[in-house]
Amino acid sequence: MVNEGAGAPRSRRGSHKVVPSSDQDGTGEVSCPSNGTVEVEHIISAKLQLKKKAEHLKADLMRQFDTQVDEFMDSLIEESASLGSSHVSTVFPLSDKEKSKLRHTRPSQSQSKQFVIRRSLLDDLFEVNHIRTIYHMFIALLILFIFSTLVVDFIDEGRLVLEFDLLVYAFGQFPLVVVTWMCMFLSTLVVPYVLLSVWASVYPTSNHRALWTVLAGSLLLLYQGLCLGFLPTYVVLKNGLPPASCFILILEQVRLIMKAHSFIRENVPRVRSLERIKANSLAVPQFTQYIYFLFAPTLIYRDNYPQNPCIRWGYVATKFSQVLGCLFYAYYIFVRLCIPQFRSISMQLFDLRAMVLCVFNSILPGVLVLFLAFFAFLHCWLNAFAEMLRFGDRMFYKDWWNSTSFANYYRTWNVVVHDWLYYYVYRDFLWMTQKRFRAAAMLVVFTVSAVVHEYVLAICFGFFYPVMFCLFMCFGMVFNFVLNDRRKGPIWNMIMWTALFLGQGVLICLYSQEWYAQRFCPIQEPSFLDLLKPRSWTCTPQTNTAVDAH
């Protein structure tokens, strides 16, 4: 139906005669072409206008629907939290003084992390054919990497070379890694739980509560500093473990420290709030709950988590096979894109031209390694363990690829670590300062994250080159405030991706250059200044030695 108000011509009683339009030309006479051109143009114009209105209406409806769904989920979470808190209050009736102490001891339960049953975002997206095609494209690229490697080896060697020497080197001394990890895990399993249990049994009836608290806290810090802090680092440096083995131990070291802190941080306020109740053993979680938490894919302790009804072992096998595939994918990326480039660069003088070419040539392998690390660990590895434990909340990441600001990217890239930093660093800092220094709290979060990242890379690579620290503390802080949540639109998403690609190129380039410089230009007895100064800045072809380095 054509809108009559638009001046569209009408037909009468089936007649095909066109009624003259009210449009006039410059002479004031009515113009009406006999071939029906005006009628067709008006119909097309009306259809286009109707289509535009439908598109606008669709966009408005989708926005309203998203808003209503978000509000419904928020209210549902709040109601579940209030039901949980009311249940606790009926089991443990608290006095007004104890309730006041609980409110001042930690943030309210309604403001804490809420776990609900939900799938990972990629599991939902992979059910869409268009998104699954992108996954197939990455698999096709892996097949091409394998094929090109076999062809090049056949041309160079005259035979098919099926040796994975780089993987064998990277995961060297693996039995030592397993033994060290067992010591770390068993100590984390026993020491924090025993300390909390002993302190909880003595604290309510003791006349020296502050002394017992300081003593237990000091023992916990001593344990974390020696057993979890010093022991893995000493094993790595003493035995010269290769990079992959180092990453396993050091990342597990950081994870267990964060787990132990969360367990103590969540349970100490509960013990203090229930100090007058005789059954204080109820305030300490069961040992099985603590064991479950050590394996659960979260860094926030809860006595219970929402669980799925069954375990899909086929899903678990698929995720672990994808992790293995990502491992071989990374191997072929380094073999085809990184090692040939950096071996030749290591024989050249360090100058600006070589530096710029190196950074741009490293963007592609850097981005691929970024995608692989995200997919292998945050999606496959965590989902596999979550499935085996029937852990219901699979939101280990959000749609970070749609971020239009670095502030949103930091929140959505790794939700597991972000939650720990937010609740135990940012929120606790605000609580201690009575919410006076929000900018300082954000600075503390960035500093902690930057120091830990640089510590992991320095120990695993065997040299100090604070590229990651500078990117976090300098560019990361600037982008966090400049590219903030007020930035919307596709242009800001493109800026975010451009900066991310460039940053990955800088990381791959500088750390790879330093890795080869450390091996081509060794120093027999380095001084403290030599350990802090990048070797790639002074390594020259005249001082290179014939060292075979991976």
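General remarks:
- Using a Förster distance of 35 Å, the FRET efficiency for residue 207-residue 265 (Cβ separation, nearest 0.05): 0.85
- Modelled spin-label separation between residue 127 and residue 437, with each label point placed 7 Å from Cα along the Cα-to-Cβ direction: 4.8 nm.
- Neighbourhood net charge (15 Å Cβ-Cβ; Lys/Arg +1, Asp/Glu -1) for residue 249: +1
- Note on residue 527 and residue 478: the extension gain reaches 14.2 nm, defined as 0.36 nm multiplied by sequence separation minus the Cα-Cα distance.
- Difference of contour (0.36 nm per residue) and Cα-Cα distance, residue 308 to residue 50: 88.2 nm
- Taking the 1.4 Å solvent-accessible surface of segment 146-237 as the whole, the part contributed by carbon and sulfur is 77%.
- A cut-off of 5 Å between modelled amide H atoms, ignoring neighbours fewer than 5 places along the same chain, links residue 172 with 245.
- Extension reserve of the residue 149-residue 222 stretch, reckoned as 0.36 nm per residue once the Cα distance is removed: 21.3 nm
- 3J(HN,Hα) along segment 185-192, derived from phi through the Karplus expression 6.51 cos²θ - 1.76 cosθ + 1.60 where θ = phi - 60°, amounts to 5, 5, 5, 5, 5, 9, 5, x Hz, with x in place of Gly and Pro.
- Inter-label distance, nm, simple model (7 Å from Cα along the C-beta direction), residue 371/residue 499: 2.2
- Rounded accessible area per residue of segment 162-318, 1.4 Å, Å²: 50
- When each of the peptides 329-337, 446-454, 118-126 is scored by how many other beta carbons lie within 10 Å of its residues on average, the order from highest to lowest is 329-337, 446-454, 118-126.
- If R0 is taken as 51 Å, the Cβ-Cβ distance between residue 343 and residue 390 corresponds to a FRET efficiency of 0.60.
- Taking packing as the residue-averaged number of other Cβ atoms within 10 angstrom, the listed peptides 514-526, 239-251 run from highest to lowest as 239-251, 514-526.
The values are calculated or read from the model by the stated rules, or taken from the named source; none is laboratory data. Bear in mind that the values here come from a model prediction, so they are computed numbers and not experimental data. Cβ sites come from the backbone with ideal geometry, for glycine too, and all protein chains shown count toward neighbours. Each accessible area value is taken on the protein alone, full model and side chains, heavy atoms only, with ligands, DNA and RNA left out. Shrake-Rupley method; radii C 1.70, N 1.55, O 1.52, S 1.80 Å.
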